Number of protein chains: 2
Amino acid sequence: MHVSTASRALGSDAAGVSAETVQRVRELAVMLGYRRDVGAAGLRTGSSRLIGVLVPRLTDIVLATIYESIDIAAGTAGYSTVVANTLDDAGHRRSRLDAMLSRRIDGVIIGDSHIGDTAAFELQKLGVPYVLVMRKLEGHLSITTDDSLGGRLAAEHLLGLGHRRVGVIAGDPLASTGIERTDGFRRAFEAAGYPIDDRYVVGSGFDTRGGLAAGTRLMDLAEAPTAIFAVNDFIAMGAMGAIRDAGKKLRDDVALVGYNDIDIAATLPVPLTSVRSDLSAMGMLSVEALLLRMQGETADPVLLPPVLVPRATTVG
Amino acid sequence: MHVSTASRALGSDAAGVSAETVQRVRELAVMLGYRRDVGAAGLRTGSSRLIGVLVPRLTDIVLATIYESIDIAAGTAGYSTVVANTLDDAGHRRSRLDAMLSRRIDGVIIGDSHIGDTAAFELQKLGVPYVLVMRKLEGHLSITTDDSLGGRLAAEHLLGLGHRRVGVIAGDPLASTGIERTDGFRRAFEAAGYPIDDRYVVGSGFDTRGGLAAGTRLMDLAEAPTAIFAVNDFIAMGAMGAIRDAGKKLRDDVALVGYNDIDIAATLPVPLTSVRSDLSAMGMLSVEALLLRMQGETADPVLLPPVLVPRATTVG
DNA sequence: GTTCTCTGTGCAATCGTTTGCAGTCGCTCG
DNA sequence: CGAGCGACTGCAAACGATTGCACAGAGAAC
């Protein structure tokens with residue numbers, strides 16, 4: 001019995017080996033607790049069967065949800081995933097991507113793209129298949145929700161409720177999500193005849209702390225806004241703190257709209273109105289697109305449609 | 001110039017190679033964009049420089065936080081990490097652990113241990129170094145917080161506020177965290193002369209949805225509790241929904257204590273009283289312990305002390 | 001001038017798989 | 001009965017790195 005025969009017998013098709021041998025080999029493999037060494041196989045075949053995923057932070061439940069669905073989809077296609085927190089920092093991105101390339105990653109899903117970031121370009125140059133998810137970058141294939149439309153939905157909702165003086169907590173000015181959601185929102189208000197002054201649009205981190213700080217700035221304005229659009233739910237939750245600290249009441253004094261509609265939004269003491277995006281679908285589709293590219297085929301960009309879910313922070 | 005020379009020149013010590021050669025090799029490596037193939041090296045050296053991490057779910061921010069600190073600590077020690085969501089399901093655990101072993105993982109950090117789970121035993125038998133984090137399992141090295149003490153702290157806080165008829169949302173009955181926090185809490189009430197009836201202790205998932213369902217059951221009791229202890233903050237947030245749905249007011253009608261003190265707890269519209277545990281320290285320490293074990297040394301179990309942080313769900 | 005030591009480099013085996021090619025064996029067909 | 005074919009199996013090279021060992025050459029010591 002030669003190793004090559006065993007290798008063939010353990011292959012998924014087991015071609016060119018007698019049925020008897022296949023059975024014998026497989027039984028023995030189980031008995032001996034044999035496990036094929038994926039690394040060694042990769043050395044020979046040139047494929048690590050590994051997909052790298054770059055995210056800003058997994059403690060952001062939005063990214064964790066996307067990663068979860070990516071991992072599942074990759075798993076069913078026979079791939080493992082490695083994930084890296086890049087903290088939206090160029091240095092981290094570099095070193096983590098380097099580590100991935102050292103492991104001869106088969107493809108990369110970039111969930112943290114950032115204006116001015118070079119990761120996508122580098123992969124392009126190296127010929128490593130990649131896809132962007134969640135955030136876009138001009139000239140690269142991306143799977144995202146229609147953030148501009150999402151912003152407009154939030155705006156129309158608030159306009160319909162009679163709000164005219166509104167604030168926006170815009171997130172990171174270098175992430176497409178924050179940019180496009182803010183743009184869609186502002187354009188809708190402008191089109192309605194109520195352009196939003198720049199002082200009412202403040203940048204922030206994407207977490208609760210950032211939302212609290214930015215929300216406080218908005219509440220400190222001479223004429224505080226009657227409604228706030230936060231480009232994600234964590235920011236919105238931070239803003240809730242700011243509104244409370246300013247002695248105002250949610251909805252009655254200041255309405256609030258978040259984005260992503262994470263699970264918690266619905267069960268908060270005051271349930272949060274939010275723009276829902278299908279994060280799991282985004283993850284799945286990004287894997288699908290990446291697999292296509294890995295086979296040398298072309299994949300199309302995707303823009304998933306968001307939906308506004310009205311709750312107590314805006315309506316009775 | 002032979003590959004062996006190059007390999008030596010690129011090693012961290014670069015022993016047995018002339019300084020001139022080292023410099024030449026390194027310059028060339030940079031110029032050519034050479035990257036050492038970690039997988040191939042692992043084949044020869046027997047070490048993948050990979051640490052596997054098993055968690056129930058990364059969408060649970062508690063686990064995501066622990067994983068984040070594990071990843072950082074592992075990184076500074078020159079290791080990469082692979083993480084797997086096991087969803088507290090035996091089948092998933094099996095297949096994900098298998099995949100890790102196929103990659104010749106150097107060590108495993110188990111964050112999802114469960115009574116009746118065999119992962120730890122299997123690793124022990126295979127001689128693969130491992131450590132438990134967050135949850136304990138009899139007979140295995142673990143790095144956790146003192147959950148029993150945490151439960152007692154919550155109980156003493158509520159007792160001090162005059163609460164006598166209290167409910168507990170206990171989480172998964174097979175996870176040590178839920179078990180010990182609940183036990184510590186009940187023992188303290190019993191010691192104070194107010195034993196808690198079994199009907200006032202309900203199991204649940206560890207997420208918001210689970211908290212909502214369990215909270216609803218508590219609020220539906222003939223004599224609803226005047227305070228609820230939830231064994232984690234997400235459960236507590238679900239319970240907030242249940243309390244609201246029952247038409248009761250947080251704190252005035254029903255006080256609420258959570259566990260872990262995640263970031264959001266402080267900025268909620270009604271800030272949540274919670275038992276804080278140092279999740280990052282837990283992650284770091286688990287890596288430290290694992291590294292020790294990987295070097296064949298012995299590591300000691302750790303019990304980090306929790307602290308109660310009183311907020312508006314219990315006090316004025 | 002011979003021997004010895006020391007430094008730096010090269011050789012070759014090795015890790016565990018995969019896979020093209022070649023060989024063996026039994027059968028069928030003419 | 002011999003050729004030919006098909007089904008299995010074995011051989012050996014290859015993937016990219018590491019490492020014990022041997023060897024070359026320079027210089028020192030006698």
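Using the structure shown, decide if residue A:234 is buried (at least 20 other Cβ atoms within 10 Å of the Cβ) and modelled with pLDDT under 95. Yes.
Just so you know, in segment A:18-55 the residues that are within 12 Å of DNA strand D (Cβ to nearest atom) and among the β-branched types (Val, Ile, Thr) include one that is surrounded by the most Cβ atoms within 10 Å (Cβ to Cβ), and it is A:25. Condition test on residue B:297, is it modelled with pLDDT under 95 and more than 20 Å from residue B:149 (Cα to Cα)? The answer is yes for residue B:297. Quick check on my filter: what residues within segment A:162-175 are in contact (Cβ under 8 Å) with a residue 60 or more places away in the chain and more than 10 Å from residue A:227 (Cα to Cα)? Selection gives A:169, A:170, A:171, A:172, A:174, A:175. Does segment A:245-262 contain at least one residue that is surrounded by fewer than 19 Cβ atoms within 10 Å (Cβ to Cβ), in the same structural domain as residue A:189 (by TED's automatic domain parsing), at pLDDT below 95 and in a helix (DSSP H, G or I)? Yes; the residues of segment A:245-262 include at least one that is surrounded by fewer than 19 Cβ atoms within 10 Å (Cβ to Cβ), in the same structural domain as residue A:189 (by TED's automatic domain parsing), at pLDDT below 95 and in a helix (DSSP H, G or I). When B:6, B:29, B:14, B:19 are screened for being under 26 Å from residue B:80 (Cβ atoms), without any contact (Cβ under 8 Å) to a residue 40 or more places away in the chain and within 9 Å of DNA strand C (Cβ to nearest atom), only B:6 passes. Please go through segment A:194-205 and pick out each residue that is farther than 24 Å from residue A:156 by Cβ and not small (Gly, Ala, Ser). Passing the criteria: none in range.
Which fully enclosed strands (runs of 3 or more DSSP E) of segment A:35-141 have 1 or more residues being within 16 Å of DNA strand C (Cβ to nearest atom)? Can you show your working first?
On the way: elements: A:50-55, A:80-85, A:107-110, A:130-133.
So the answer is A:50-55, A:80-85.
Return the residues of segment B:44-62 that are at the interface with chain A (Cβ under 9 Å from one of its Cβ atoms) and not basic (Lys, Arg); say none if nothing qualifies. Explain how you work it out, then say what you get.
To start, the set of residues in segment B:44-62 that are at the interface with chain A (Cβ under 9 Å from one of its Cβ atoms) comprises B:48, B:50, B:57-61.
Answer for segment B:44-62, where residues must be at the interface with chain A (Cβ under 9 Å from one of its Cβ atoms) and not basic (Lys, Arg): B:48, B:50, B:58, B:59, B:60, B:61.
Among the candidates A:184, A:178, the residue that is in contact (Cβ under 8 Å) with a residue 40 or more places away in the chain and not in a strand (DSSP E or B) is uniquely A:178. Scanning segment A:98-121 for residues that are crowded, with 17+ Cβ neighbours inside 10 Å, within 14 Å of chain B (Cβ to nearest Cβ) and over 16 Å from the mean Cα position of the chain (by Cα) yields A:99, A:100, A:101, A:103, A:104, A:105, A:106. Is segment A:4-17 home to any residue that is more than 8 Å from DNA strand D (Cβ to nearest atom), over 16 Å from the mean Cα position of the chain (by Cα), of a type in the set (Gly, Ala, Ser) and within 11 Å of another protein chain (Cβ to nearest Cβ)? So far as segment A:4-17 goes, no, none of its residues is more than 8 Å from DNA strand D (Cβ to nearest atom), over 16 Å from the mean Cα position of the chain (by Cα), of a type in the set (Gly, Ala, Ser) and within 11 Å of another protein chain (Cβ to nearest Cβ).
Check segment A:145-162 and report whether any residue there is part of a loop (DSSP other than H, G, I, E, B), in the same structural domain as residue A:232 (by TED's automatic domain parsing) and over 19 Å from the mean Cα position of the chain (by Cα). There is at least one residue in segment A:145-162 that is part of a loop (DSSP other than H, G, I, E, B), in the same structural domain as residue A:232 (by TED's automatic domain parsing) and over 19 Å from the mean Cα position of the chain (by Cα). What about residue B:229, is it at pLDDT below 95 and more than 10 Å from chain A (Cβ to nearest Cβ)? Considered against the rule, which asks whether it is at pLDDT below 95 and more than 10 Å from chain A (Cβ to nearest Cβ), residue B:229 comes out as no. Taken together, the residues in segment B:255-278 that are touching a residue at least 12 places away in the same chain (Cβ under 8 Å), within 12 Å of chain A (Cβ to nearest Cβ) and more than 18 Å from the chain's Cα centre (by Cα) amount to 6.
When you check residue B:292 against the structure, is it at negative phi, surrounded by fewer than 24 Cβ atoms within 10 Å (Cβ to Cβ) and without any contact (Cβ under 8 Å) to a residue 60 or more places away in the chain, yes or no? Yes: the conditions hold for residue B:292.
The values are calculated or read from the model by the stated rules, or taken from the named source; none is laboratory data. Keep in mind it's a predicted model, so treat the numbers as computed, not measured. Ideal geometry is used to build each Cβ from the backbone, glycine not excepted, and the neighbour counts take in all protein chains shown.
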